[in-house]
Amino acid sequence: MLSLVSLASYSYSEPYTYSTTGNAAANGLNWSMGAVLPSVTGLDINGLIYRYTTVKNTEDAMKVHVGNLNANGSGYTFRETDDWSGVPSNTITKSFSIGNSPATNWGNGSIEVEGTGQVTDAVVVYSYRIDECYDPQISSACPGYVKPVPVIVEVDVYDALEDDTVADALDNDSSFKYDEDGNRIVDDEEEEKETRLEMGLTASANALTMMKTAGQADIINQINLQTNIAMYYNSTINGGYYQDNNSLADANLPDNKKALRNNLAQQLLHEKMVQMQYN
């Protein structure tokens, strides 16, 4: 019985995963490695084991070739030949250790029969490892990982002074003069004209303000003229006057003797307190 042990491991110091394929010859004596191996990067083949049974006559000459084509050139990446000439039918099992050969080097595989006889019950299994850090940038835990630097987009800033069209327009404009920084040079005469223009605009603004104030006074006077308030002074209200109907039944009001006595006592007390101040 053909048995394989598949070991899987992963660590920061050795970031590899180990495994084995299924039977590459399960569907025939020719196979594509793309259908056998997983489609990942960083995969290396590190072993191969095969087994098959021959059906032949002992006296017949027969050779069996097991191998893989070189995917990157001519010849074979792996090839093993078993000579069954003069040997009766039998079953053979062989295993090989391969030094981590990149899977990209392994082309299509096959079992070829040379001579008289046939091969049955063929089994071909590859062992491999996957380098999880084949590209160090896959994980920050991988050796050689470099922290990505953000890409800074360069923005072109338009400078009118560097525009040939603007420069030509400035050179052809004889009415203005400019310094090295592109600032327009103003002479004394032009500056005086600008000052007079500013003063004229200020005077116009003040005149408009005065006209607005005078206009508001005229409007108020017109409103007062149109308002007739004499009608309010000359108006009368009908109704005559109200008679005072209140009357006092007893015209003589008696004095309150108690109040007089209290007031006199208060007066005497007040005079006594005043005299105490002098004593």
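The values are calculated or read from the model by the stated rules, or taken from the named source; none is laboratory data. Keep in mind it's a predicted model, so treat the numbers as computed, not measured. Note: ideal-geometry Cβ built from the backbone for every residue, glycine included; neighbour counts use all protein chains shown.
Listed values, structure above:
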item: Flag if Lys63 is crowded, with 19+ Cβ neighbours inside 10 Å and among the charged types (D, E, K, R); result: no
item: Only one of Ile45, Ile49, Ile98 that is surrounded by fewer than 19 Cβ atoms within 10 Å (Cβ to Cβ), at pLDDT 95 or above and outside any loop (DSSP other than H, G, I, E, B); result: Ile49
item: In the range 131-182, residue modelled with the lowest pLDDT [restricted to those that are in a loop (DSSP other than H, G, I, E, B) and touching a Cys at 6+ places or on another chain (Cβ under 6 Å)]; result: Cys142
item: All positions within the range 97-112 that are in contact with a strand residue (DSSP E or B) (Cβ under 8 Å, 6 or more places away or on another chain) and free of Cβ contacts under 8 Å to residues at least 60 places away in the same chain; result: Ser97, Ile98, Gly99, Asn100, Ser101, Pro102, Asn105
item: Residue selected from the range 116-130 under the condition modelled with pLDDT of 95 or more, among the β-branched types (Val, Ile, Thr) and in a strand (DSSP E or B), by the criterion surrounded by the fewest Cβ atoms within 10 Å (Cβ to Cβ); result: Thr120
item: Restricting the range 18-42 to residues that are assigned to a helix (DSSP H, G or I) and of a type in the set (A, V, I, L, M, F, W, C), the residue that is farthest from Phe78 (Cα to Cα); result: Ala35
item: Boolean, Thr54 is among the β-branched types (Val, Ile, Thr), touching a helix residue (DSSP H, G or I) at 6+ places or on another chain (Cβ under 8 Å) and part of a strand (DSSP E or B); result: no
item: Some residue of the range 126-140 being of a type in the set (Asp, Glu), farther than 26 Å from Tyr16 by Cβ and either in contact with a Leu (Cβ under 8 Å, 6 or more places away or on another chain) or touching a residue at least 60 places away in the same chain (Cβ under 8 Å) (or both); result: no
item: The range 102-123 - residue that is farther than 23 Å from Pro38 by Cβ and polar (S, T, N, Q) and, of those, nearest to the chain's Cα centre (by Cα); result: Thr120
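Yes/no per residue for (1) farther than 30 Å from Pro136 by Cα; (2) modelled with pLDDT of 95 or more; (3) over 59 Å from the mean Cα position of the chain (by Cα):
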{"residue": "Glu14", "(1), (2), (3)": "no, no, no"}
{"residue": "Tyr18", "(1), (2), (3)": "no, no, no"}
{"residue": "Ala24", "(1), (2), (3)": "yes, yes, no"}
{"residue": "Ser39", "(1), (2), (3)": "no, no, no"}
{"residue": "Val55", "(1), (2), (3)": "yes, yes, yes"}
{"residue": "Tyr76", "(1), (2), (3)": "yes, yes, no"}
{"residue": "Arg79", "(1), (2), (3)": "yes, yes, no"}
{"residue": "Ser89", "(1), (2), (3)": "yes, yes, yes"}
{"residue": "Ile92", "(1), (2), (3)": "yes, yes, yes"}
